[in-house]
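Written out below as structure tokens is the structure these notes cover.
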Amino acid sequence: MKALTGILCGILVIAGGSVASARPTGDERALVGVTWSGGEPEEVAGYESYGGSYVGDPLAVSLFRSTSNPRDWIVVSKREVGRDGQHALWRGLDTIRLNAASEETFAAFECRRGAATGEFSAEAGLIGFVGRTEAAPGLLRAEQAVQVGADGQLSRVSGPVICADEAAGI
């Protein structure tokens, strides 16, 4: 198994990546272009991890919130590029910073563009940053939203975005 892992790591290095021997730390830009094992979670100086989620196989995001100003958020997109035993190997793709309206803002992954009418169906890769502004029963209006593209690039979304209020069981 060690030989197979070594071969996989060698292939990744040849393909333009480098496997981090320790968890990536520092500024969030230090994560872009680097490959690391999910067994060593990434860290961003001055921010605490707020988890993350797959947003479309093999893409995922990690969320970070500032320890000094809880309104500041960082989103890091990453692609699963292989396995290292029981852990995924991740390659950082892009980052974006957001400044939320309040300290109570949180990230929601079940979101869609548009008004709070009709049947709710979430859009893949759309992440809303919501407070407590209700758009309709069980739906919250996003203060800001980020779209993860098929290539892992992050972009701000303009226009209305609504998200399921997971606390309401939607």
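Say we look at region 134-160 and pick out the residues that are within 23 Å of residue 74 (Cβ to Cβ) and open to solvent by 70 Å² or more (accessible area, probe 1.4 Å); which of these is nearest to the chain's Cα centre (by Cα)?
Among those that are within 23 Å of residue 74 (Cβ to Cβ) and open to solvent by 70 Å² or more (accessible area, probe 1.4 Å), it is 153.
Mind checking which residues of region 80-101 are under 13 Å from residue 61 (Cβ atoms) and among the small types (Gly, Ala, Ser)?
Within region 80-101, just 92 meets the criteria.
Do you know which of the residues in region 45-74 that are among the aliphatic types (A, V, I, L, M) and within 14 Å of residue 94 (Cβ to Cβ) is modelled with the lowest pLDDT? Walk me through it before giving the result.
Applying the first criterion (among the aliphatic types (A, V, I, L, M)) to region 45-74 yields 45, 55, 59-61, 63, 74.
Add one more test, that the residue is within 14 Å of residue 94 (Cβ to Cβ), and what stays is 55, 59-61, 63, 74.
Values: 55: 92, 59: 96, 60: 95, 61: 95, 63: 95, 74: 95.
Residue satisfying both the conditions and the ranking: 55.
When you scan region 57-85, how many residues do you find that are in contact with a Phe, Trp or Tyr (Cβ under 7 Å, 6 or more places away or on another chain), free of Cβ contacts under 8 Å to residues at least 40 places away in the same chain and not charged (D, E, K, R)?
4
Restricting to region 119-133, name every residue that is of a type in the set (Phe, Trp, Tyr) and under 15 Å from the mean Cα position of the chain (by Cα).
Correct list: 129 only.
Name every residue in region 81-116 that is touching a Leu at 6+ places or on another chain (Cβ under 7 Å) and of a type in the set (Asp, Glu), in order of residue number.
94
Over 14 Å from the mean Cα position of the chain (by Cα), β-branched (Val, Ile, Thr) and open to solvent by less than 50 Å² (accessible area, probe 1.4 Å): which single residue out of 105, 95 fits that description?
Among 105, 95, only 105 is over 14 Å from the mean Cα position of the chain (by Cα), β-branched (Val, Ile, Thr) and open to solvent by less than 50 Å² (accessible area, probe 1.4 Å).
Can you say whether residue 75 is touching a strand residue (DSSP E or B) at 6+ places or on another chain (Cβ under 6 Å) and closer than 24 Å to residue 167 by Cβ, as far as the supplied structure shows?
yes
Read through the list (1) closer than 24 Å to residue 150 by Cβ; (2) in contact with a Ser or Thr (Cβ under 8 Å, 6 or more places away or on another chain), then give the number of the only condition that residue 85 fails.
So residue 85 meets the others, but not (1).
The values are calculated or read from the model by the stated rules, or taken from the named source; none is laboratory data. Keep in mind it's a predicted model, so treat the numbers as computed, not measured. All Cβ positions, even for glycine, are placed from backbone atoms using ideal geometry, and neighbour counts span all protein chains on display. Keep in mind that these areas ignore ligands, DNA and RNA; they rest on the heavy atoms of the full protein, side chains included. Shrake-Rupley method; radii C 1.70, N 1.55, O 1.52, S 1.80 Å.
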